[in-house]
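K.L.:
First the structure, then my questions, so here it is.
The values are calculated or read from the model by the stated rules, or taken from the named source; none is laboratory data. Note that the structure is predicted; figures quoted are calculated from it, not measured. Neighbour counts run over all protein chains shown; Cβ positions are idealised from the backbone, glycine included. Surface areas here come from the heavy atoms of the whole protein model, side chains and all, with no ligands, DNA or RNA. Shrake-Rupley method; radii C 1.70, N 1.55, O 1.52, S 1.80 Å.
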Amino acid sequence: MRIIVFTKSIVFSLLIFFSLSQKVIGQDHGEAERTKDSHQVQENGEAFDITSMIMHHISDSHSFHVYGENDGHFPNALTVPLPIILWTDNGLVTFMSSEFHHNDDGSVVVEKKGMKFAKFHNKIYQTNNEGALSLDEHNHPTNSKPLDFSITKNVFVMLLALLILLVLFGIAGKSYKKNGKDAPTGVAKFIEPLVIFIRDEIAIPNIGEKHYRKYIPLLLTIFFFVWIINIFGLIPFFPFAANVSGNIAFTMTLAVIVFLVVNIVANKNYWKHIFWMPGVPVPMKLFLAPIEVIGMFVKPVSLMIRLFANITAGHIIVLSLIGLIFVLKSVWVAPVSVAFTLFISLIEILVTAIQAYIFTMLTSLYIGAAIEEEH
Amino acid sequence: MELITPAIGLIFWTTLTFAILFFLLKKMAWKPILGAVEDREKSIIDALASAENARKEMQNLTADNERILKEARNDREELLKEARSMREQMIEEAKGEAQVEADKLIAKAKDGIENEKLAAIADLKSQVADLSIGIAEKLVKEELASKDNQVKLIETMLKDVNLS
């Protein structure tokens, strides 16, 4: 497991290096072409911009692209529009993302409640009265952004996960209510070993026999939520294929929840260990206190980055391998790319469970440390 | 930068989704599943314990049975022994009594025989006396039929008498 994480961090840093160098090379092409869709760039005979392709695929989106390009070839692109929900100065504004005609360079303007909106690089800006965006020297719009609560691709997949989890576990829970303590049947048969695994291998060893009951629902929810979202990220077609757990907002939210839970349930002993470490001389106590305070925040941050980096790295590897075909402009690369993608995908299947397990494990470890009694 | 800039919308929706998931699953799934699993584990432990108890009880019962069987065997042995000794005693007693009775009978018979013998002897004596008297009468009659004889007799008799 450690080897996979290690290998991945190497590949990840290599890819970042690669993408940075690409960016440096790509600057010659001028801003106009950069903003165009990468595939169109390739059609024009220009260099294929793998960085923007990868970034496009691992980023969130306001619509769900299913297949195809609007380039006149058969089949035409199919993009599922998703609702856009904005909180503006004039209150709530909602419309479907199809009103932007899948435009992403800010040239299509939608007017609602007397305000004009344009989408630029997957972000929605409020334009001036003429419906134009003003760009700064780094090609970033300077217009104000309304608070964007849209059902984006990631939110859509997350809600799908919510639905599937509720149905799956609803059925399982019902079968338990019906069967009582008899042997599990149907979906419960599949779920029960996992639940028992979380209880016996994660919750009880880390939190302790006495207190684990209070935290096991949180751990189970985290594990299954993260795992199913990770799995959905691996499925490469509609309505999955969203990089939810590789999105920093998602992992940050979970990490914040863990941070809050850990620090709310923490007992006197925990705070004493942070601010006034027992059993060491006073200068050492003063020295350790700031480190421990930093540690308080580092723990959830590490949770956030670990999940985000692992899942994003996995997606980037797969996209890079597929991207090789277009970078090298040879169909003969395809078998190699596909073979490697298959290999990485198999590892990623493991990673989906491992990352969910690690997240849950560390959460229980932090909770266990926070409620540990003095000994 | 975009990659590591969290979007407010996703934070909001993640929080909401997680909260819904947590509360609904806690109620719908985790409580019944963990409850049932715990019940089952408890019932398994109980069943094992009761099986162990039953085994122990069984062992006790077997031991009891063996003990009772042994006791019964001992009792039988004792009873047999007693019966045997009683029988022997009874035989002894019977033998003794029979001896006494037999002795008595024998003694009685002996007495009877003695008496009969005496009576027979007495009878025989009187008959012999009668017979002798008769013979003597006949002899006397014969002897004394003639005068000569009578005189002769008297003479003999007188001869025998010693007048001293």
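K.L.:
State the volume of the convex hull built on the alpha-carbon positions of segment A:273-375, expressed per residue in Å³ and rounded to an integer. Write down the numbers at each step before the final one.
P.N.:
Values: hull volume 12.3 nm³, N = 103.
That works out to 119 Å³ per residue.
K.L.:
List the GluC sites (Glu not before Pro) in segment A:110-143 that DSSP assigns to loop (not H, G, I, E or B) and whose Cβ has at most 16 other Cβ atoms within 10 Å. Which are they?
P.N.:
Passing sites in segment A:110-143 are A:130, A:137.
K.L.:
Among B:100, B:45, B:129, whose Cα projects farthest towards the positive end of the dipole of segment B:40-155, with charges put on the beta-carbon of Lys, Arg (+1) and Asp, Glu (-1)?
P.N.:
Farthest along the dipole direction, towards plus: B:45.
K.L.:
Using 10 Å bins from zero, what percent of all Cα-Cα pairs in chain B falls into each bin?
P.N.:
7, 9, 8, 8, 7, 7, 6, 6, 5, 5, 5, 4, 4, 4, 3, 3, 3, 2, 2, 2, 0
K.L.:
Under the definition of partner shielding as Cβ atoms of other protein chains within 10 Å of a residue Cβ, what is the mean value for peptide A:214-224?
P.N.:
4
K.L.:
Another question, then. Mind grabbing the base-10 log of I(q)/I(0) for chain A at q = 0.07, 0.08 Å⁻¹? Debye formula, identical points on the C-alpha positions, no solvent, two decimal places.
P.N.:
Summing over Cα pairs of chain A leads to -0.42, -0.54.
K.L.:
Mean separation of Cα pairs under 8 Å and 6+ residues apart, divided by the residue count of segment A:154-371: what relative contact order is that in percent?
P.N.:
28
K.L.:
Which loop-located chymotrypsin sites (Phe, Trp or Tyr not before Pro) does segment A:249-315 contain, where loop means any DSSP state but H, G, I, E or B and the Cβ has at most 14 other Cβ atoms within 10 Å?
P.N.:
The qualifying sites are A:276.
K.L.:
Still on this structure: What's the average, rounded to a whole number, of partner chain beta-carbon atoms within 10 Å of each residue's beta-carbon in A:188-197?
P.N.:
Whole-number average of other-chain Cβ neighbours for A:188-197 is 2.
K.L.:
To continue, here is another question. Give the accessible surface of chain A per residue, rounded to a whole number of Å², with probe radius 1.4 Å and ligands, DNA and RNA excluded.
P.N.:
51
K.L.:
Take chain A, mark every one of the trypsin sites (Lys or Arg not before Pro) that falls in a DSSP loop and has at most 16 other Cβ within 10 Å, then report the longest stretch left between them, sites excluded. Working shown, then result.
P.N.:
On the way: sites that count: A:113, A:181, A:210, A:329.
The reported range is A:211-328.
K.L.:
Please count, across segment A:154-371, the pairs of lysine residues with Cα atoms under 28 Å apart that sit 8 or more places apart or on different chains.
P.N.:
The number of close lysine pairs in segment A:154-371 is 24.
K.L.:
Expressed as a whole number of Å, what is the distance separating the alpha-carbon centroids of segment A:336-375 and segment A:188-202?
P.N.:
About 16 Å separates the Cα centre of segment A:188-202 from the one of segment A:336-375.
K.L.:
Still on this model: Across segment B:60-156, how many lysine pairs, 8 or more positions apart or on different chains, have C-alpha atoms separated by under 18 Å? Please give the number.
P.N.:
Close lysine pairs under the 18 Å cut-off: 7.
K.L.:
Run the accessible area of chain A with a 1.4 Å probe and give the carbon-and-sulfur part as a rounded percent.
P.N.:
The nonpolar share, carbon plus sulfur, comes to 67 percent.
K.L.:
Assigning unit charges at the beta carbon (Lys, Arg +1; Asp, Glu -1) and nothing else, what dipole magnitude in debye, to the nearest 20, does segment A:76-151 show about its Cα centre? Let's see the in-between values first.
P.N.:
Numbers: 6 positive and 9 negative charges, 51 e Å.
For segment A:76-151, the charge dipole is close to 240 debye.
K.L.:
Next question, about the same structure. Calculate how large, on average over all directions, the projected area of the Cα convex hull of segment B:1-91 is; give the answer in nm² to one decimal.
P.N.:
The orientation-averaged projected area of the Cα hull of segment B:1-91 comes to 10.6 nm².
K.L.:
Sticking with this one: Between chains A and B, what is the buried accessible area summed over both chains (1.4 Å probe, protein heavy atoms, nearest 100 Å²)? Numbers along the way, then the final one.
P.N.:
On the way: alone 21070 and 15730 Å², together 32910 Å².
Separately minus together, A and B give about 3900 Å² buried.
K.L.:
Per residue of B:31-44, count partner chain C-beta atoms within 10 Å of its C-beta, then hand back the mean as an integer.
P.N.:
Averaged over the peptide's residues, the number is 6.
K.L.:
Among the residues of segment A:153-175, which ones have their accessible area go down by 50 Å² or more when all the protein chains sit together, as opposed to their chain alone (1.4 Å probe)?
P.N.:
A:158, A:162, A:166, A:169
K.L.:
Let me ask you something else. Could you check which residue among A:233, A:170, A:114 shows the biggest mean-square fluctuation in a GNM of chain A with a 10 Å Cα cutoff?
P.N.:
Evaluated over chain A, the most mobile residue of the options is A:114.
K.L.:
Then there is this: Taking chain A as a Gaussian network, where each spring joins two C-alpha atoms under 10 Å apart, which residue of A:298, A:282, A:327 fluctuates the most?
P.N.:
Ranking A:298, A:282, A:327 by mean-square fluctuation puts A:282 first.
K.L.:
When the dipole is taken about the Cα centre of the protein assembly as shown, and only Lys, Arg (+1) and Asp, Glu (-1) are charged at their Cβ, what size is it in debye, to the nearest 20?
P.N.:
1280
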